[in-house]
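Chemist: There's a structure below that I have some questions on.
Since every read-out is calculated from the coordinates, none of them should be taken as a lab result. Nothing here was measured: the structure is a model prediction, and the numbers come from that model. Neighbour counts are summed over all protein chains in view; Cβ atoms, including those assigned to glycine, are modelled from backbone coordinates with ideal geometry.
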Ligand SMILES: Cc1cc2nc3c(=O)[nH]c(=O)nc-3n(C[C@H](O)[C@H](O)[C@H](O)COP(=O)(O)OP(=O)(O)OC[C@H]3O[C@@H](n4cnc5c(N)ncnc54)[C@H](O)[C@@H]3O)c2cc1C
C-alpha cells in the first residue's frame with residue numbers, strides 16, 4: 001500500500017495530508033482522471049475490528065453520498081457503521097427539547113457513526129487502484145509556486161511538481177503557512193478540552209446531546225449497545241474528570257447525561273484532546289488550496305468537522321468535472337477562486353453557528369439559562385424549522 005517515488009514527477013495535484021479529507025480528495029480527483037500524489041508522514045492507517053478507534057464521526061448524508069460515489073462506503077458499511085435514527089438535544093437547565101426523527105424527514109436514518117481509522121483505512125485501500133502515487137512516510141517541507149504550478153520538496157528529498165497543491169494537513173497545516181494561504185486566521189474561542197471514551201449503554205440508534213454550563217456532552221450510538229462519548233470541558237475540569245476512578249467517573253457521566261441511557265459503565269480508556277478552533281480567511285493562495293481542518297477547525301458539538309471537509313472535496317470535484325466536461329481548464333484561477341468563495345462562505349456560516357450555539361448554551365448566565373430551554377422547546381414544536389435545521393446539518 002505504501003510506495004516511494006524518488007526524483008521529480010509532473011502531476012496535476014499534490015495533496016499534503018492523508019487524513020480522511022486529504023485521502024478523499026486524492027481519491028476523488030484521481031477518479032476524475034487527474035494525476036495525483038498524496039504525501040503523509042504517518043504509516044498507512046490500519047483498522048482492527050477488535051480495537052475500536054476512539055475517534056468517531058457522525059457522518060451526514062452528503063458525506064456518505066460522496067464516499068459512495070468513490071466506491072468506499074460499501075466497504076465501510078460491511079466493516080462497521082452504526083446508523084442513528086433519532087437525535088435529542090436538551091439543556092441541563094430544563095425547558096424544552098429539540099428532537100429529530102428520521103421518519104419525520106422521510107429517511108431511513110439521520111446519519112451514520114463511523115470510526116476515523118476505519119474510514120482512512122478503506123480510503124487508503126482504494127488509492128493505489130485509482131493510480132494515486134503515495135509518498136509515505138514523508139512530509140512536505142518546502143514550497144515554491146508561480147502561475148504555472150507548485151513545486152513541493154519532501155523531507156525524504158523527493159520533489160513534486162503539480163499544477164495545484166492541496167493543503168489537507170490538518171489544523172496545524174505546514175503547507176498553508178508555506179503557501180501563505182489563509183490570509184490570517186480567526187481564532188474562534190480559547191481552547192477547551194474535549195474528551196472521548198466509550199461507555200456501555202442501551203443506545204438503540206439514538207444520538208443524544210445535552211448542554212451543560214461547562215460545555216456540551218454528546219452520546220453517539222455505537223455497535224454492541226455501546227455509546228461513544230464526546231464531553232467538552234474546561235481544562236481544569238477535564239483534568240479532574242480524567243483522574244476519577246471508573247466508579248466515580250461512571251457516576252459523573254451518568255449525572256451529566258441525566259441518566260438518559262441508564263447508569264454508565266466505562267469500557268475503554270479515556271482520552272483528552274485539546275480543542276483547536278480556527279477559520280482561515282482565504283482557502284486559496286495562487287496554486288495552493290486549503291481544505292479540511294487546515295481551513296476550518298470547528299467545535300465538535302455538532303459533529304460537523306469531517307463533514308465540512310468532505311464538502312470542500314465534493315465542491316472541488318464538481319468544479320473539476322464541470323470544467324473537464326466542457327474541455328475547459330479545470331485549474332483556471334477563476335475556478336479555484338470560485339470554489340474557495342463558495343466553500344469559505346459555507347464554512348464561515350457553519351463555524352460561527354456552532355460557536356454561537358456553544359456560547360449561548362455553555363454558560364451559567366441565569367438569563368441565558370431562562371431563554372435556551374424554551375428556545376429548544378419552541379424549535380422542537382415547529383416541524384418546518386426542525387426540517388430546515390436538519391437539512392442544513394445534513395448538507396442537503
Ligand atoms: C474530540 C473530537 C471529536 C470529533 N468529533 C467529530 C464528529 O463527530 N464528526 C466530525 O465530522 N468531526 C469530528 N471531529 C473533527 C475531526 O476529527 C476533524 O475535522 C478531522 O480529523 C479533519 O480531517 P482532516 O483530514 O482535515 O485533518 P487530519 O485528520 O488532522 O489529517 C491531517 C493529516 O495531515 C498529515 N500531515 C501533517 N503534517 C503534514 C505535512 N507537513 N505534510 C504532509 N502531511 C502532513 C497528518 O499526519 C494527518 O494524517 C472531532 C474532533 C475531535 C478533536
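Chemist: Per Stokes-Einstein, at 4 °C and 1.567 mPa s, what whole-number D in µm² s⁻¹ belongs to the stretch 15-163, with the Kirkwood radius over Cα pairs as the hydrodynamic radius? Before the final figure, lay out each step's value.
Modeler: Numbers: Rh = 17.5 Å.
Using the Kirkwood radius from Cα pairs, D works out to 74 µm²/s.
Chemist: Give me the one-decimal nm value for the distance between modelled label points at residue 50 and residue 251, 7 Å along each residue's Cα-to-Cβ direction.
Modeler: Between residue 50 and residue 251, the simple spin-label model gives 3.5 nm.
Chemist: Right, next: Show me 23-35, 168-180, 283-295, 61-73 ranked by packing, highest mean number of other Cβ atoms within 10 Å first. Intermediate results must be reported in sequence, preceding the final value.
Modeler: Numbers: 23-35: 23.8, 168-180: 21.2, 283-295: 26.9, 61-73: 19.6.
So the peptides 23-35, 168-180, 283-295, 61-73, ranked by packing, come out 283-295, 23-35, 168-180, 61-73.
Chemist: So for the stretch 219-341, considering every pair of alpha-carbon atoms, how many percent are separated by more than 24 Å?
Modeler: Details: 3687 of 7503 pairs.
Considering the stretch 219-341, 49 percent of its Cα-Cα pairs are separated by more than 24 Å.
Chemist: Additional query: Order the peptides 143-154, 36-47 from the highest to the lowest mean number of other Cβ atoms within 10 Å of their residues. Write down the numbers at each step before the final one.
Modeler: Values: 143-154: 17.2, 36-47: 20.2.
Per-residue Cβ counts within 10 Å, averaged per peptide and sorted highest first, yield 36-47, 143-154.
Chemist: Points 7 angstrom from Cα along the Cβ direction at residue 322 and residue 352: gap in nanometres?
Modeler: 2.4 nm
Chemist: At residue 75 and residue 144, where each label point lies 7 Å from the Cα along Cα→Cβ, what is the point-to-point distance in nanometres?
Modeler: My value for the distance between the label points is 3.7 nm.
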